[in-house]
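In what follows, a single structure is set out as structure tokens and then discussed.
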Amino acid sequence: MMRRTRGVTEMLVKAHIETRTEREQRATMVAMAQALPDGGAAARFEQGRPAWLFRKDLADPAGHRAIATREAA
């Protein structure tokens with residue numbers, strides 16, 4: 001019974017840590033996109049390959065939240 005409880009607890013903790021890490025990465029990406037100058041762009045690489053492209057277009061209205069988009073590498 002203790003093994004099963006420990007196994008379930010470890011699985012839940014692992015899932016919580018993965019979810020928290022993903023949220024932190026997403027928040028970092030949004031902050032990065034917001035910090036870009038108008039008309040700016042930046043790329044994020046995962047495992048040596050481009051995975052995310054951050055853009056902030058001049059056409060966006062002032063104060064509009066910059067969007068981080070995942071595009072095919």
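Here are a few things to note about the model shown:
- Scope the stretch 1-29; condition hydroxyl-bearing (Ser, Thr, Tyr) and either open to solvent by 100 Å² or more (accessible area, probe 1.4 Å) or within 21 Å of residue 46 (Cα to Cα) (or both); matching residues: 19, 21, 28
- Considering residues of the stretch 45-67 that are charged (D, E, K, R) and open to solvent by 70 Å² or more (accessible area, probe 1.4 Å) only, the residue modelled with the lowest pLDDT: 65
The values are calculated or read from the model by the stated rules, or taken from the named source; none is laboratory data. Here the structure is a predicted model, which means the values were calculated and not measured. Accessible surface is based on the protein model in full, side chains and every heavy atom, while ligands, DNA and RNA are left aside. Shrake-Rupley method; radii C 1.70, N 1.55, O 1.52, S 1.80 Å.
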